[in-house]
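Below is one structure; the comments refer to it alone.
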Amino acid sequence: MVMDKKISELLKLDNKVAIVTGGAQGIGFGIAQRLAEAGAHVVVSDLNKEVCEDAVSKIKEMGYKASSYILDVSNEDQVKSLIEHTSNEYGSLDILVNNAGIYPRIALANMTFDDFKKVLGVNLNSVFLTVKYSSEVMKKQGGGKIINISSIDALHPSMVGLAHYDASKHGVWGFTKNAALELSQYGITVNAVAPGGINTPGTHTDTPSEVSKEQLEAATKAFMNKIPMHRFGEPDDIGKVVLFLASDMASYMTGSQIVVDGGALLN
Ligand code: NAD
């Protein structure tokens, strides 16, 4: 059995450049911190300027490399500019993490076509756009790692009111597999991570007006009761798995989806 590198070497991302979309808070910030700790320069890309700049300051205070880029991931021109800016400014684009996503709970009966298109735009169209443009850069470099944050809802619905979200996340998983098939000849791997319930600012926000604070709390409690590990995950639970996929530890993986849910899908 030949071992190519020591574990500490395998996990190193020195001289790598990573983009994390939706990296200002929650799961994205957890991912950005782990990639930066491993040595990558992380371009934290987000819609929210204030929170994004604060996240970058925190990463820099830890002694790691990061910069902010403000965009809407569902906008093609803005995604193109993000990819161009990153490869021109930092010399390469080695890791792309598609994490930005929204999950407003709306019953199907009240869901407008605009509601549906908005969720598909942010959660799925963005994955097409970032993968399309970043893979061109990665092909020229001779490889890269793409990690899409899907959800356990890509496999099984977690609660009512997320029909648009579940459509988008099933789409992310399907897209991940086909992109992996096409891009592996260029040394580009494409994998997905499917989180279960994770403690983030987004899960504590009752975005749609039709869901009251009490209803949200009841749904959260019911979900918690289904988790065999009896706790919600933390952003770092996802950050560690994304680091694994972004590193040489995952050298023979593409087109896979890792479920990180404390066992929730078992129930
Ligand atoms: P969050 O709401 O806490 O953070 C999301 C971040 O994305 C925010 O900083 C927000 O400003 C940014 N964002 C939203 N729309 C954007 C856009 N159009 N362009 C750029 N940035 C945008 O969310 P979270 O809970 O950390 O979720 C992150 C990802 O993980 C999402 O894709 C979500 O579907 C997925 N996920 C979350 C959970 C969970 O329980 N938290 C479970 C499964 C999957």
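Say we join alpha carbon atoms closer than 10 Å with springs in a Gaussian network model of the chain; which of I31, I106, I238 then has the biggest fluctuation?
In this elastic network of the chain, the residue with the biggest mean-square fluctuation among I31, I106, I238 is I106.
Quick one: Debye curve from the C-alpha atoms of region 7-258, no solvent, what's log10 I(q)/I(0) at q = 0.09, 0.11, 0.16 Å⁻¹?
For region 7-258, the Cα-only Debye profile gives -0.36, -0.55, -1.18.
Restricting to region 7-258, compute how many DSSP beta bridges are antiparallel as a %, nearest 5. The partial results should precede the final answer.
Values: 0 of 27 bridges.
Antiparallel: roughly 0 percent of the beta bridges in region 7-258.
On a 0 to 90° scale, report how tilted helix 76-90 is relative to the longest principal axis of the chain, with both axes built from alpha carbons and the result rounded to the nearest 10.
Taking Cα atoms only, the helix is inclined about 40 degrees.
I'd like the orientation of helix 49-61 relative to the chain: the angle between its Cα long axis and the longest Cα principal axis, in ° from 0 to 90, rounded to 10.
Once rounded, the angle reads 50 degrees.
Ranked highest first by average number of other Cβ atoms within 10 Å, how do 219-226, 178-185 line up?
Going from most to least packed, we get 178-185, 219-226.
What fraction of the Cα pairs in region 70-195, stated in percent, has a spacing above 27 angstrom? Provide the component values of the computation, followed by the final result.
Values: 1596 of 7875 pairs.
For region 70-195, the fraction of Cα-Cα distances above 27 Å is 20 percent.
Mean residue ellipticity at 222 nm from the helices of the chain, using -39,500 (n - 2.57) per DSSP H segment of n ≥ 4 over the full residue count, to the nearest 500 deg cm²/dmol?
Details: 9 runs with 114 residues, N = 267.
Helices in the chain give a 222 nm mean residue ellipticity of -13500 deg cm²/dmol.
Per residue of region 220-228, in order, report the coupling 6.51 cos²θ - 1.76 cosθ + 1.60 (Karplus, θ = phi - 60°) as ³J(HN,Hα) in whole Hz, putting x for Gly and Pro.
Per-residue couplings from phi come out as 5, 5, 4, 5, 4, 5, 8, 8, x Hz.
Here, each number is a calculation from the coordinates, and none is a lab measurement. Everything quoted here is computed from the prediction, not taken from an experiment. Methodologically, a virtual Cβ is constructed for each residue, glycine included, from the backbone with ideal geometry; neighbour enumeration extends over all protein chains shown.
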